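Visitor: Below are the structure tokens for one structure; questions will follow.
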Amino acid sequence: MGRIEKAIVIKASPEKVWEMLAFDRFPEWMDMMESVEYTSEVHTPKDKYRVGATALGTPRGGPPNNCQYEITESLEYEKFTHRMWEKWLRGTLGGPVTYTLEPVDGGTKLTMVGELEMPWGILLKIIEPLILRMGRKEFEKSLNNLKSILEKW
């Protein structure tokens, strides 16, 4: 299992950052996501963050609706964890992603941690560094996009 961790300070309140962590907001700041739609019922804005909420995402340039998400932990304005997985080759690629929001002077420190789980044994050892390198670039790019959006508000 590989681990990716990136942090950024955003000049916005934890409440504003939190709003952007809803699955259906991912395409606004994650370049790799074309669209994400909830598959669980959402009647109120808070339903988007409740444990057990699920969504299906379509990556840019990928097969439709192949990323699945489920919230496993949610502490309003503090911490949000979801499990993400998708069919990849002959197995499932994914794992938990945790966002931790920490108030700091003038904004919020957002830390994004992803744990990569791959089912392919020895093949994992060969391709894991490449996938982790790509993941680090995506995390960094996504966090910079999020910062740019929130600091314009």
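Taken together, the values in this text are just the output of simple stated rules run on the coordinates, not laboratory data. From a predicted model like this one, the values you see are computed outputs, not experimental measurements. Cβ placement follows ideal geometry from the backbone for every residue including glycine, while neighbour counts extend to all protein chains displayed.
Visitor: In Å³ and rounded to a whole number, note down the convex hull volume per residue for the Cα atoms of region 1-75.
Guide: Cα convex hull per residue, to the nearest whole number: 124 Å³.
Visitor: Does anyone have the angle between helix 122-152 and the longest principal axis of the chain? Alpha-carbon axes, 0 to 90°, nearest 10?
Guide: 20 degrees
Visitor: Also, I was wondering about something else. Quick check on the chain: helices-only [θ] at 222 nm, where DSSP H runs of length 4 and up contribute -39,500 (n - 2.57) each and the sum goes over total residues. Nearest 500, please. Don't jump to the answer; show the numbers that get you there.
Guide: Working: 3 runs with 41 residues, N = 153.
So the helix-based figure for the chain works out to -8500 deg cm²/dmol.
Visitor: Within region 33-55, name every residue whose backbone N is under 18 Å away from a label modeled 7 Å from Cα of L75 along the Cβ vector.
Guide: 49-52
Visitor: For a quick size check, give me the Cα extents of the chain along its three principal axes, largest first, whole Å.
Guide: Extents along the principal axes: 46, 33, 26 Å.
Visitor: Can you list the lysines whose alpha carbon is less than 26 Å from that of K79, not counting same-chain residues fewer than 8 positions off?
Guide: K6, K11, K16, K46, K48, K109, K137, K141, K147, K152
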